[in-house]
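The structure appears right after this line, and notes come after that.
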Amino acid sequence: MNIDKRLQLIKEVGEEIISEEELVELFKSDKHPIAYDGFEPSGNIHIAQGLLRAINISKMIKAGFKFKMLIADWHAAANNKFNGDLEKIKDAGEYFKEVWKACGLDTKEVEFIWASDLVKDPEYWKIVLNVARLNTVTRIIRTSQIMGRSESDTLSAAQILYPCMQAADIFYLKADATQLGMDQRKVNVLAREIGEKLGFWKPIIISHHMLMGLEKPPEGENTVEKAIAMKMSKSRPDSAIFMTDTEEDIKRKISKAYCPEKQIEENPILEYCKYILFEKFDYIDIKRPEKFGGTITIKSYDDLVKVFSKGELHPMDLKAAVAYYINELIAPVREHFQNNEYAKKLRDKVLSYQVTR
C-alpha cells in the first residue's frame, strides 16, 4: 500500500491529526511504526468502546501500524474505578477483550499490555517522575478531562499522578503515534511538548471522533468540552447501546433517541450510520410505508444525508432501520456471552460489581 492510501485510512480514523506532515514522514521512514490506544476497564462496554474502537484499530493495522493496546488497570485504580479494586478492574479488562474478539477485531494483530506489568519496571517510574518534574500541578490539572473529570473537580493525589503516567505510557511503549479519542487530546499534546526534553520524540496524535450519546445534546458552540458532554455515558444507560444489549433494549433506546427531522448536525442516529453502519455494511435498506415510496436502499452516508435533509425520510423509519442493523452487529457478541461459559461468567461477574466514579 502506498503512502497516500495509508494516509487516507488514517484520515478516516482521525478527526484531528497532529500533524499530517509528520505522519507522512513517519510512513516514509518506517513501514510498521507503533501506535497505541489505552482504556480504563470499568463496568459495561458500550458501542463506541466496542464496535467503533474495533473499526478504528483495524484501519490502523491495515495502514501498517503495529498496534499496542494498553489495559490501564493501574490508571483505573488511580481514578477510583471499582473503588480502586485492582482485581475487579482486571476482570473488567478481560471482559473488554472478550467483547472485541466477539465483534470481529483480529486480536492476534493487537498486542495487549497491562499497566500492572509496566509498573514493575523502575525505568517506567523514572519516565513518570520526569514527566511530573517538567510540569506544574496546574498544567497537569488542565488535562483532567482524560479521566472524565473537569478542572474544577477536587482531585485526589492519585488522580494528579494519572496524567503523568499516561504521558509516560507513550514513551515507555515506544509509540510513534497515539490513537485515542478527542477527550484525550490534552495529555497527548503535553507529551508532544515534553517528549524531546525527556530525550524522546514528539508523538503524532491521531484523535478519533467521540460518538454522540443518544440524548439531546446540550446547547452551545461545538468544542471538545461540548463533545465530551455529548458522548455516551455508562452512568446514563439510555444514552448508549451496550455490547450485550438485547434486541428489545436496542429498539427501545433507538426509538426514543434524539433525531430531529431534516437535521444532520448533532444527530446521534446519523452518527451511528456514518461511523458504524456504513463501515460495516455496503448498503442499508430502510422500510417506508408504500404511500411514502416504500423501501429505499441507501448505499452511502452521503446519499443518506441527501435524502434525510430533504425530509424524504422520516426519523422513525430511519430509527427502525438503524435498530435492525445495530442488532445485527450486536447479535454475535450477545450470542458469544450466552454460549461461551467462560465469557458468560466473566460478564456476569463484572456487571455485578458496583461501578464508582
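The numbers here are math on the coordinates, done by the rules we state, and not lab data. Not measured: the values here are computed from a predicted model. When we count neighbours, we look across all protein chains shown, and the Cβ atoms used for this are built from the backbone with ideal geometry, even at glycine.
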(request) Treating only the Cβ atoms of Lys and Arg (+1) and Asp and Glu (-1) as charged, compute the dipole magnitude of the range 224-352 about its Cα centre; round to the nearest 20 debye. (result) 340
(request) Using R₀ = 30 Å, calculate the FRET efficiency as 1/(1 + (r/R₀)^6) where r is the Cβ-Cβ separation of GLU248 and ASN80; round to 0.05. (result) 0.35
(request) Can you pull the one-decimal nm distance between simple spin-label points at ILE3 and SER352, each 7 Å off the Cα toward Cβ? (result) 5.5
(request) List the residues whose amide H sits under 5 Å from the amide H of TRP114, counting only those 5 or more places along or on another chain, with H placed 1.01 Å from N in the peptide plane. (result) ILE71
(message) Over the range 1-60, what portion of Cα pair distances is larger than 12 Å, expressed as a whole percent?
(response) 73
(request) Quick one: give the max-minus-min coordinate of the C-alpha atoms of the range 224-352 along each principal axis, largest first, in Å. (result) 48, 36, 23
(request) Grab the beta carbon distance between GLU261 and ARG236, set R0 = 22 Å, and tell me the FRET efficiency rounded to 0.05. (result) 0.35
(message) Students often check this: by mean Cβ neighbours within 10 Å, which of 17-28, 320-331, 98-109 ranks highest, and how do the rest follow?
(response) 320-331, 98-109, 17-28
(request) Under a 10 Å cutoff between Cα atoms, tell me which one of ASP249, ASP91, ASP282 has the largest fluctuation in the Gaussian network model of the chain. (result) ASP282
(message) Using the Cα centre of the range 33-102 as the reference point, and only Cβ charges (+1 on K/R, -1 on D/E), how large is the resulting charge dipole? Debye, rounded to the nearest 20.
(response) 420
(request) Just the Kirkwood number for the range 3-208, please: inverse of mean 1/r across all distinct Cα pairs, in Å, one decimal. (result) 17.2
(request) With runs of 4+ DSSP H residues as the only contributors, calculate the mean residue ellipticity of the chain at 222 nm using -39,500 (n - 2.57) per run, divided by the residue total and rounded to the nearest 500. (result) -14000 deg cm²/dmol
(request) Over the residues of the range 297-345, compute the C-alpha Rg and express it relative to 2.2 N^0.38 Å. (result) 1.68
(request) Could you name the aspartates and glutamates whose alpha carbon sits less than 15 Å from that of LYS31, not counting residues in the same chain fewer than 8 places away? (result) ASP4, GLU22, ASP176
(request) Mind checking which of VAL322, ALA92, HIS208 is farthest towards the positive end of the chain's charge dipole, using Cβ charges of +1 (Lys, Arg) and -1 (Asp, Glu) about the Cα centre? (result) ALA92
(message) As I understand it, the value is the acute angle between the Cα axis of helix 341-352 and the longest principal axis of the Cα atoms of the chain; what does it come to in degrees, rounded to 10?
(response) 80
(request) For the range 22-91, go through all pairs of different Cα atoms, get the mean of 1/r, take its inverse, and jot down that Kirkwood value in Å. (result) 13.8
(message) Based only on other Cβ atoms within 10 Å, what is the fewest-to-most ordering of TYR172, TYR124, TYR283?
(response) TYR283, TYR124, TYR172
(request) Taking the Cα centre of the range 3-208 as origin, work out the dipole magnitude from +1 charges on Lys and Arg Cβ and -1 charges on Asp and Glu Cβ, in debye rounded to 20. (result) 200
(request) Could you please tell me the mean projected area of the C-alpha convex hull for the chain, averaged over all directions and given in square nanometres to one decimal? (result) 18.4
(message) Rounding to the nearest 10 and keeping the result within 0 to 90°, find how far the Cα-based axis of helix 157-172 lies from the longest principal axis of the chain.
(response) 90
(request) Please name whichever of TYR172, SER156, LEU52 sits farthest to the positive end of the charge dipole of the range 3-208, dipole taken about the Cα centre and charges placed at Cβ: Lys and Arg +1, Asp and Glu -1. (result) TYR172
(request) Measure nothing but the geometry: give the 0 to 90° angle between the long axis through the Cα atoms of 86-102 and the longest principal axis through the Cα atoms of the chain, rounded to 10°. (result) 40
(request) Quote the relative contact order of the chain in percent (integer), defining contacts as alpha-carbon pairs under 8 Å separated by 6+ residues. (result) 20
(request) Starting from the Cα of TYR301, step 7 Å along the direction of its Cβ; do the same at LYS280; then give the gap between the two resulting points in nm. (result) 1.5
(message) Could you tell me the calculated FRET efficiency between SER19 and PHE112, based on Cβ-Cβ distance and R0 = 30 angstrom, to the nearest 0.05?
(response) 0.55
